[in-house]
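**Student:** Before anything else, here's the structure in question.
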Amino acid sequence: MGDAEAYSDFYERSYSAIVGQVFVVTTDRGEAEEAVQEGVCAAVVAVVPVSRYENPEAWVRRVALNVAMKRWRRARRGDQLVQDAHADTGAGQRGGNDR
């Protein structure tokens, strides 16, 4: 069995289960799917073939969860920056009309 065929088989066997597990963390199916796809891509380009690991699915799941958490942190940080910028402009401090 060639590498491409092995990865294809792995993807077909594992994709749905990993998406379901990552969905529990992200609560967004699209985010979960994207994170898992990035994890699978990372497995394809890994220096050491993931197929040599005892549990390749766990490796992909860990990568997918890392991707999801990185995106969540980035979104939270972006929200915080917007709130800080809004507070710095004095918006919301005047109460009522600007006149």
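The values are calculated or read from the model by the stated rules, or taken from the named source; none is laboratory data. The shown structure was predicted, so the numbers you read here are calculated from the model rather than taken from an experiment. Cβ sites come from the backbone with ideal geometry, for glycine too, and all protein chains shown count toward neighbours. All accessible areas refer to the heavy atoms of the entire protein, side chains included, with ligands and DNA or RNA removed. Shrake-Rupley method; radii C 1.70, N 1.55, O 1.52, S 1.80 Å.
**Student:** Taking region 15-28 only, how many residues are open to solvent by less than 80 Å² (accessible area, probe 1.4 Å) and not in a loop (DSSP other than H, G, I, E, B)?
**Tutor:** Here is the first cut: in region 15-28, the ones open to solvent by less than 80 Å² (accessible area, probe 1.4 Å) are 15, 17-22, 25-26, 28.
Next cut, not in a loop (DSSP other than H, G, I, E, B) only: 15, 17-22, 25-26.
Final tally of qualifying residues: 9.
For (1) touching a Pro at 6+ places or on another chain (Cβ under 6 Å); (2) hydrophobic (A, V, I, L, M, F, W, C); (3) closer than 23 Å to K70 by Cα, each residue gets a yes or a no:
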| position | (1), (2), (3) |
| --- | --- |
| A4 | no, yes, no |
| Y7 | no, no, no |
| R13 | no, no, no |
| V22 | no, yes, yes |
| T27 | no, no, yes |
| A32 | no, yes, yes |
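**Student:** For residues in region 51-69 being touching a helix residue (DSSP H, G or I) at 6+ places or on another chain (Cβ under 6 Å) and free of Cβ contacts under 8 Å to residues at least 24 places away in the same chain, which is surrounded by the fewest Cβ atoms within 10 Å (Cβ to Cβ)?
**Tutor:** Checked region 51-69; the qualifying residue surrounded by the fewest Cβ atoms within 10 Å (Cβ to Cβ) is Y53.
**Student:** Still on this structure, please answer the following. So which of E5, E12, E31 ends up being assigned to a helix (DSSP H, G or I) and either in contact (Cβ under 8 Å) with a residue 12 or more places away in the chain or open to solvent by less than 50 Å² (accessible area, probe 1.4 Å) (or both)?
**Tutor:** Among E5, E12, E31, only E31 is assigned to a helix (DSSP H, G or I) and either in contact (Cβ under 8 Å) with a residue 12 or more places away in the chain or open to solvent by less than 50 Å² (accessible area, probe 1.4 Å) (or both).
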